[in-house]
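The values are calculated or read from the model by the stated rules, or taken from the named source; none is laboratory data. No experiment lies behind these values; they were computed from the predicted model shown. For neighbour counting, all protein chains shown are included, and Cβ atoms are generated from backbone atoms with ideal geometry for every residue, glycine included.
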Amino acid sequence: MFLLPDAREVQGGESLRASGLLLHFTSLPSPHGVGDLGPWARAFADLLQEARQRFWQFLPLLPPSSGFSPYHASSAFAGNPLLLSPEDMVEEGWLRKEELSPPPFPPDRVDYPSVLSYKGGLFQRAYERFRKEGAEGFEDFCAENAWWLEDYALFSALSRELGRSWVEWPQGLRDREPGALRRVAEEKREEVQREKFLQYLFHRQWGELRNYSRRRGIRLVGDLPFYLDHHSADVWAHRELFKLDREGRPLFVSGVPPDYFSSTGQLWGQPVYDWRRMEEGGYEWWVRRMEHAQRMFDLVRVDHFRGFVACWEVPAGETTAREGEWMEGPGEGLFREVRRRLGFLSFIAEDLGTITEEVVELRERLGLPGMRVLQFAFQDPSSSPHAPHRHERNCVVYTGTHDNNTVRGWFEEEATPEVRRKFFRYVGREVPAEEVHLEFMRLALGSVADLAILPLQDVLGLGKEARMNTPGRAEGNWRWRVRADQLTTPPLERLAELTELYGRAG
């Protein structure tokens, strides 16, 4: 089974049943315009414990490259500096309390440009103190992480000056000529050092939060995106691992064909992998990604698992994902190497979308749990693998994901009259819109699945205004935040009662 060995309670062959909540850190309350790793994250870990939950799932923690999407990252290994807590920086001595003077940010949305400007000023003040005083453990952190940190820090410093596409940089920098890299690293020594310092702070704050959560019995479920943005440190530093032309431009880009979310498919636009070259190198880059993720998190949701069997490659320049082709992925070979190097695979396979028998067979051979999403269950509940009566123990059931509407939003805006009728027949009664989320919670928590994950929006019964992401929409995503006054006792007490009732209580 997929739960961590030290998190299992085996009695008569039965593995631990558990549940948790899905909430990204940016969605936490905070006076600083965006949720972070500080006081409200610790308070949320306390709320999880009080509500008898054992798992906290969130989206990728990587620095976003474009559109503020955590799935469009500029690094496979760095942390997003926007998640740094100003309050904790005060406690650590990098800022003074009087320097925290945030403007009146909206309480229920992230205004990313304003937050970037505000926090950028705080980071610069903190770095100036670091320049004078140094930091315990900084040199050790840089040495231990030099294999990714050097490229990322230089790439980030260059990006601020030279723009958003590294193929347009001067040829010596674009092609990473050693002499050009040495010269610019010296010229931009302060900017590079500042990036390393922010990653050092992220590493420390993340470690503190993880230890705090563990003491409360809360396991952290991270997210490993399948692709990276073209404008990322890893694509720039490892061009040979991607299908690029001689100047570094993508020959093909990522996406998926038309599906539930979009009639024209989803054109993600990231460069695709050259799996032959990766295999020749023993999949070293991917092994390091997965090792890094397993060190940071207790469980890891591996995004777009079907891409390991076959990837939808769209010729660069297409405006939709319709005109693509399935290309063979690495299959079990990659995971054999990962298992040989790392041992236990603490992964959840995101196996949604166009799933073939080959994808199911790979997941089952690896022993990984897949995902079941209740919003997908009621088109044809008698045969849908997402319907609760067809779940298996080795899976994770969700009421919805970050790509779905909230349950109430789905019911009010997307479910057809026929789907509603099937849902009513399934639960045995007609359900008013304000109670639909409660029925979904019951279905998820009562499932035979070992792990149930509920988006916080569904626990609170929020509508479409609380949706995190709408696939295919370029603007307005990833901005939702929960208000402090919404984290009230009644919904969390109800969650605790249902968790106890269905044998998942921590």
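Restricting to the range 140-163, and then to whatever is of a type in the set (D, E, K, R) and free of Cβ contacts under 8 Å to residues at least 40 places away in the same chain, can you tell me which residue is farthest from His292 (Cα to Cα)? It comes out as Glu161. As for the range 465-479, it holds at least one residue that is in contact with an Asp or Glu (Cβ under 9 Å, 6 or more places away or on another chain) and either at pLDDT below 95 or in a strand (DSSP E or B) (or both). Arg246 - would you say it is in a loop (DSSP other than H, G, I, E, B), out of contact with any Leu (no Cβ under 7 Å at 6 or more places or on another chain), of a type in the set (Lys, Arg) and surrounded by fewer than 19 Cβ atoms within 10 Å (Cβ to Cβ)? Yes: the conditions hold for Arg246.
Can you give me the number of residues within the range 257-276 that are modelled with pLDDT of 90 or more and in contact with a Leu (Cβ under 9 Å, 6 or more places away or on another chain)? The number of residues fulfilling the criteria is 6. Screening Gly400 with (1) touching a residue at least 60 places away in the same chain (Cβ under 8 Å); (2) buried (at least 23 other Cβ atoms within 10 Å of the Cβ); (3) assigned to a loop (DSSP other than H, G, I, E, B); (4) not aromatic (Phe, Trp, Tyr) gives one miss only, at (1). Scanning the range 348-380 for residues being in a loop (DSSP other than H, G, I, E, B) and under 15 Å from Glu392 (Cβ atoms) gives a total of 6. Kindly evaluate Asp46 against the criterion of being surrounded by fewer than 20 Cβ atoms within 10 Å (Cβ to Cβ) and modelled with pLDDT of 95 or more. So Asp46 passes the test. Scanning the range 264-280 for residues that are over 16 Å from Ser254 (Cβ atoms) and touching a residue at least 12 places away in the same chain (Cβ under 8 Å) yields a total of 2. When the range 59-81 is filtered for residues that are among the aromatic types (Phe, Trp, Tyr) and surrounded by fewer than 22 Cβ atoms within 10 Å (Cβ to Cβ), the ones remaining, listed by number, are Phe68, Phe77.
Given the conditions (1) assigned to a helix (DSSP H, G or I); (2) touching a residue at least 40 places away in the same chain (Cβ under 8 Å); (3) closer than 15 Å to Phe378 by Cα, report the number of the one that Glu418 does not fulfil. Condition not satisfied by Glu418: (2). Note on the range 326-347: residues that are under 22 Å from Gly222 (Cα atoms) and part of a strand (DSSP E or B) amount to 1. In summary, Gly503 fulfils each of the numbered conditions (1) more than 23 Å from the chain's Cα centre (by Cα); (2) in a loop (DSSP other than H, G, I, E, B); (3) within 30 Å of Glu361 (Cβ to Cβ); (4) of a type outside the set (D, E, K, R) with the single exception of condition (3). Listed by first and then second residue, the pairs linking a residue in the range 362-374 that is more than 23 Å from Gly446 (Cβ to Cβ) to a residue that is crowded, with 21+ Cβ neighbours inside 10 Å and among the acidic types (Asp, Glu), with Cβ atoms under 8 Å apart and 6 or more places separating them unless they lie on different chains, are Arg363/Asp351. For the subset of the range 23-34 comprising residues that are part of a loop (DSSP other than H, G, I, E, B) and closer than 17 Å to Val459 by Cβ, which member is farthest from the chain's Cα centre (by Cα)? Looking at residues that are part of a loop (DSSP other than H, G, I, E, B) and closer than 17 Å to Val459 by Cβ, I get Pro29.
Quick grid of which residues meet (1) surrounded by 21 or more Cβ atoms within 10 Å (Cβ to Cβ); (2) polar (S, T, N, Q); (3) modelled with pLDDT of 95 or more; (4) over 14 Å from Gln266 (Cα atoms):
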site	(1), (2), (3), (4)
Val314	yes, no, yes, no
Thr319	no, yes, no, no
Arg322	no, no, no, no
Gly333	no, no, yes, yes
Leu342	no, no, no, yes
Leu362	yes, no, yes, yes
Arg372	yes, no, yes, yes
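Looking across Arg289, Arg295, one residue alone is among the basic types (Lys, Arg), crowded, with 19+ Cβ neighbours inside 10 Å and farther than 22 Å from Asn404 by Cα. It is Arg289. For the range 287-310, does any single residue satisfy the condition of being acidic (Asp, Glu) and more than 19 Å from the chain's Cα centre (by Cα)? No, the range 287-310 contains no residue that is acidic (Asp, Glu) and more than 19 Å from the chain's Cα centre (by Cα). The set of residues in the range 82-92 being surrounded by fewer than 21 Cβ atoms within 10 Å (Cβ to Cβ) and either part of a helix (DSSP H, G or I) or in contact with a helix residue (DSSP H, G or I) (Cβ under 7 Å, 6 or more places away or on another chain) (or both) consists of Glu87, Val90, Glu91. For beta carbons closer than 7 Å, sequence separation of 6+ or different chains, a first residue in the range 485-506 that is farther than 16 Å from Ile453 by Cα and a second that is part of a helix (DSSP H, G or I), the qualifying pairs are Gln486/Leu460; Leu487/Leu47.
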